[in-house]
Amino acid sequence: MKIITAETAAAASKEAFNIIADRMQHHQLHVLGLATGSTPCGLYRLLCASRLDFRQVTSVNLDEYVGLQPTDPQSYHYFMQVHLFRAKPFKESFFPDGTNLDAAAVAKEYDQVLAAHPVDLQVLGIGQNGHIGFNEPGTPFTSRTHRVVLTPSTIAANARFFARPDEVPRAAYTMGIASIMAAKQVLLMAFGAQKAPAIRQAVKGPVTPAVPASVLQRHPNVTLILDRAAASQL
Ligand code: F6R
């Protein structure tokens with residue numbers, strides 16, 4: 001694992017931006033894997049303000065809540081529109097279909113999307129419990145796209161984006177761990193002291209499904225981009 005530690009989240013976001021810009025300039029980025037949440041927002045602001053043109057690039061998102069329409073302001077589809085796609089349209093953008101309650105059909109369809117569009121670079125955040133995507137502790141490393149029931153800690157962490165905690169959806173569709181590991185390159189960003197224990201376990205702990213991000217120790221091309229606080233327990 002390569003680890004870049006910057007002083008602040010803003011400086012770390014610039015490091016991530018520079019890596020993506022370099023891949024774009026070398027015409028090596030055809031499929032970009034995207035994450036939602038607070039961590040990549042600084043990166044997305046830099047992408048929006050840049051001169052990079054994504055109209056020949058396909059995007060695939062890690063996950064989507066079950067039961068929300070793409071037009072729902074809480075959906076990850078909507079999040080990406082607001083934070084990136086309005087300013088930077090892509091050739092095409094894929095999400096697991098949160099409007100389809102047939103989990104097996106959604107999983108099959110999204111696995112086909114991922115097989116047809118192998119990810120060149122996947123942007124990742126990490127949960128305080130070490131989750132990546134919505135792959136909570138205990139998820140098998142062999143998992144592909146699947147439906148998850150969110151853990152109480154993830155519901156609590158995501159409640160900040162909703163008016164009331166009971167509005168947070170209880171289930172999501174997510175790329176699996178094997179789907180994430182199939183990306184040619186992974187950029188995992190983590191900011192703030194609350195992420196420091198998960199980063200320590202992911203980097204220095206055993207590779208175990210109890211800490212989903214620890215699987216990245218087995219990936220040949222991972223860069224962790226941390227601020228000082230997230231790196232404080234390494
Ligand atoms: C989002 C996702 C999640 C987040 C993680 C960290 O698409 O897949 O794994 O990356 O929950 O969230 P933030 O960045 O809000 O701390």
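Results, tabulated for the structure shown:
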quantity	calculated
One residue from ALA171, ALA190 being touching a Leu at 6+ places or on another chain (Cβ under 7 Å), more than 12 Å from the ligand (Cβ to nearest atom) and open to solvent by less than 20 Å² (accessible area, probe 1.4 Å)	ALA171
Of the criteria (1) farther than 24 Å from LEU32 by Cβ; (2) more than 10 Å from the ligand (Cβ to nearest atom); (3) at pLDDT below 95, which one ARG160 fails	(2)
Among residues of the stretch 95-115, those that are of a type outside the set (Ser, Thr, Tyr), part of a helix (DSSP H, G or I) and either open to solvent by less than 70 Å² (accessible area, probe 1.4 Å) or within 14 Å of VAL60 (Cα to Cα) (or both), counted	10
So GLN128, is it within 19 Å of CYS41 (Cα to Cα), among the polar types (S, T, N, Q) and crowded, with 17+ Cβ neighbours inside 10 Å	no
Residue match in the stretch 81-94 (condition: within 16 Å of the ligand (Cβ to nearest atom), touching a residue at least 40 places away in the same chain (Cβ under 8 Å), part of a helix (DSSP H, G or I) and open to solvent by 40 Å² or more (accessible area, probe 1.4 Å))	yes
Close pairs from the stretch 163-192: first without any contact (Cβ under 8 Å) to a residue 24 or more places away in the chain, partner open to solvent by 20 Å² or more (accessible area, probe 1.4 Å) and hydroxyl-bearing (Ser, Thr, Tyr), Cβ under 7 Å, at least 6 apart	none
Filtered residue count, the stretch 38-54, keeping only those that are among the small types (Gly, Ala, Ser) and outside any loop (DSSP other than H, G, I, E, B)	2
Residue satisfying condition, being closer than 19 Å to LEU224 by Cβ and touching a His at 6+ places or on another chain (Cβ under 9 Å), within set PRO70, PRO40	PRO40
Residue list for the stretch 23-61, restricted to those being within 17 Å of ALA116 (Cβ to Cβ), within 16 Å of the ligand (Cβ to nearest atom) and of a type in the set (Ser, Thr, Tyr)	SER59
In the stretch 116-125, the residues that are small (Gly, Ala, Ser) and surrounded by fewer than 17 Cβ atoms within 10 Å (Cβ to Cβ)	ALA116
Filter pass, LEU226 being away from the ligand (no atom under 12 Å from the Cβ), closer than 14 Å to GLY133 by Cβ and open to solvent by less than 10 Å² (accessible area, probe 1.4 Å)	no
Hey, ASN135 open to solvent by less than 20 Å² (accessible area, probe 1.4 Å), within 14 Å of the ligand (Cβ to nearest atom) and not hydrophobic (A, V, I, L, M, F, W, C) or not	yes
Test: LEU101 is in contact with a strand residue (DSSP E or B) (Cβ under 8 Å, 6 or more places away or on another chain) and among the aliphatic types (A, V, I, L, M)	no
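The values are calculated or read from the model by the stated rules, or taken from the named source; none is laboratory data. What you see is a predicted model; the values in this text were computed from it and never measured. Note: ideal-geometry Cβ built from the backbone for every residue, glycine included; neighbour counts use all protein chains shown. With ligands, DNA and RNA removed, areas are computed over all heavy atoms of the protein, side chains included. Shrake-Rupley method; radii C 1.70, N 1.55, O 1.52, S 1.80 Å.
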